[in-house]
Ligand code: MN
C-alpha cells in the first residue's frame, strides 16, 4: 500500500480569518505531502510493511527495523497527526453534545478547559502538539507531544489536537503563538470532536 495525502474536504479559505488560506495551502499540500512522501520512501524496501496502515506502523514503532524507526516516527507520525487534524477543523460549530458535558464535568467549565488547553499549547517548547485525549481510564486529559509523536503510542485516543509547529501559524501570526492558539478555538469542529469522543469512551 502506498500512503496517500487524504482529501482535505474543504477550501483553503474555509477557516479564514483564523487560519489563513496560504498557511492552509502550504501546510496541507507541502508539509503534509512531504510526510507522506518520506513515509513511502522509508517503506520502499519493506514490502510487508507497506500493507500496514500508518496508525499500525506508528503504534508498533518498536517492532520495526531500526533503520526505519526514525523515519516512521517522524513522517508516519506526521501523516497520522495531520490526517486527524484536518478533520477537526471547521468554523461556526456550536460547543455541545456529550463532549461539552464531559468537558464541563472534567474541567469545571469551558473557560477553564480553554485555559488549560491553551497553556499546554503555548508552553510546548519547540515543535509539537497539544491534545485533548481519552485516556485508558476513559477520562479526558490534556497532553503535549513533541515533534510528530502521536498520543496513540501511549494508549491515548486523541479527540482534539492543535499543531503548534511554526509552519502551522507563522505566516499569519509570526512569533505570537498565543494569538494563533486563541484563534484556533473559532475553528474547532465540535460535532466531529463529539463523534471521536463518543467512539473513544465506549
Ligand atoms: Mn503541521
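Nothing in this text is a laboratory measurement; each read-out follows from the coordinates by a stated rule. These figures come from a predicted structure and were not determined experimentally. Positions of Cβ are backbone-derived with ideal geometry, glycine not excepted, and every protein chain shown enters the neighbour counts.
For the ranges 46-59, 81-94, what's the packing order if you count other beta-carbon atoms within 10 Å of each residue, average per peptide, and put the highest first?
My ranking of the peptides, most packed first, is 81-94, 46-59.
Counting each pair of different Cα atoms once, what's the Kirkwood radius of the chain in Å, rounded to one decimal?
17.4 Å
When you count, for each residue, the other Cβ atoms within 10 Å and take the mean per peptide, how do 62-69, 10-17, 189-196 rank with the highest first?
In decreasing order of mean packing, 62-69, 10-17, 189-196 become 189-196, 10-17, 62-69.
Using the alpha-carbon atoms, what tilt in degrees (0 to 90, nearest 10) does helix 33-42 show relative to the longest principal axis of the chain?
Tilt of helix 33-42: around 30 degrees.
Give the separation of the Cα centroids, region 19-41 to region 68-145, in Å.
Computed from Cα coordinates, the inter-centre distance equals 20 Å.
Can you sort 111, 182 by how many other beta carbons sit within 10 Å, fewest first?
Least to most surrounded, the residues fall as 111, 182.
Using helices alone, I'd like the mean residue ellipticity at 222 nm for the chain: each DSSP H run of four-plus residues gives -39500 (n - 2.57), total over residue count, nearest 500.
After summing the helix terms and dividing by residue count, I get -12000 deg cm²/dmol.
As a footprinting exposure proxy, order 184, 113 by other Cβ within 10 Å, with the fewest listed first.
113, 184
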